[in-house]
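**Q** Mind having a look at this structure? Questions to follow.
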Amino acid sequence: MTDADRPTHLDRLMPRWDRHEVHRRRLPAGPQQVWDALWDLRVRDLAVTTALMRLRGGPGAWRGGIAPDHGDARVVDAMPPRPLIAAEPDELVLVQVARYASTRPAQARAGEWTAEEFAAFAEPGWSKVAMNFRFVAGAGGTDLITETRVLSTDAATRRTFAAYWLAVRAGSGLIRRDILRAVGKALA
């Protein structure tokens, strides 16, 4: 079994899902260097992501970006989902529970989740998102792999999220690739 095949924190946190996507990039650095580059990534480094967030936020966001002070913010602090598990330098897991089919998704609750709370959450009407970044060492560098999983808590929400996913999946993929590109640029 290779490192890439070993069970992850994401596997334990969300072993089943309704929607799923994976993106990867080989980077010419060790896992710790790649971890540090991801962790230090700033919102201003993500041109595609910033443009998509402005589009989603409507005309009020078009003038000032995500928020006037977010350019210097670390990506892991500024945008959802939020960090839950930081197993440095192997895996970073981020989570969010929301009602996504609106311009501004409603959060299930304010504040941080524990892994146990997130895994057990099953209140109808919500979708749980868990995504990770894995840092897999290999010949000539590190594979930075990001995986996103979505699990809706009931059949009606699953149908609503399926329609939403059709509209946002391409943008979601662009954001993940934008992050991978920016990490690569930071290591160059």
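**Q** Once fully extended, how much extra length lies between E117 and R104, figured as 0.36 nm per residue of separation less the alpha-carbon to alpha-carbon distance? Can you show the working numbers first?
**A** Numbers: separation 13, 0.36 × 13 = 4.68 nm, distance 2.34 nm.
My answer for the length gained is 2.3 nm.
**Q** Here's something else I'd like to know. At 7 Å along Cα-to-Cβ for each site, give me the label-to-label distance between A167 and H20 in nm.
**A** For A167 paired with H20, the spin-label model returns 2.6 nm.
**Q** Right, here's the next one. Using modelled backbone amide H atoms (1.01 Å from N, in-plane), which distant-in-sequence or interchain residues come within less than 5 Å of R19's amide H?
**A** V150
**Q** What's the extension gain from A51 to D5 if we count 0.36 nm per residue and subtract their Cα-Cα distance? Please list the in-between numbers first.
**A** Numbers: separation 46, 0.36 × 46 = 16.56 nm, distance 3.46 nm.
Taking A51 through D5 to full extension adds about 13.1 nm, to one decimal.
**Q** Next question. Can you tell me the dipole magnitude for the chain around its Cα centre, using point charges on the Cβ only (Lys, Arg +1; Asp, Glu -1), in Debye to the nearest 20?
**A** Working: 27 positive and 22 negative charges, 181 e Å.
Dipole size: approximately 880 debye.
**Q** Report, in deg cm²/dmol and to the nearest 500, the calculated mean residue ellipticity at 222 nm for the chain, where each DSSP H run with n ≥ 4 adds -39500 (n - 2.57) and the sum is divided by the residue count.
**A** Numbers: 7 runs with 75 residues, N = 188.
Using -39500 (n - 2.57) per qualifying helix, the result is -12000 deg cm²/dmol.
Here, each number is a calculation from the coordinates, and none is a lab measurement. It should be emphasised that the depicted structure is a prediction, and the values quoted were computed from it without experimental measurement. Note that we place each Cβ from the backbone using ideal geometry, even for glycine, and neighbour counts take in every protein chain shown.
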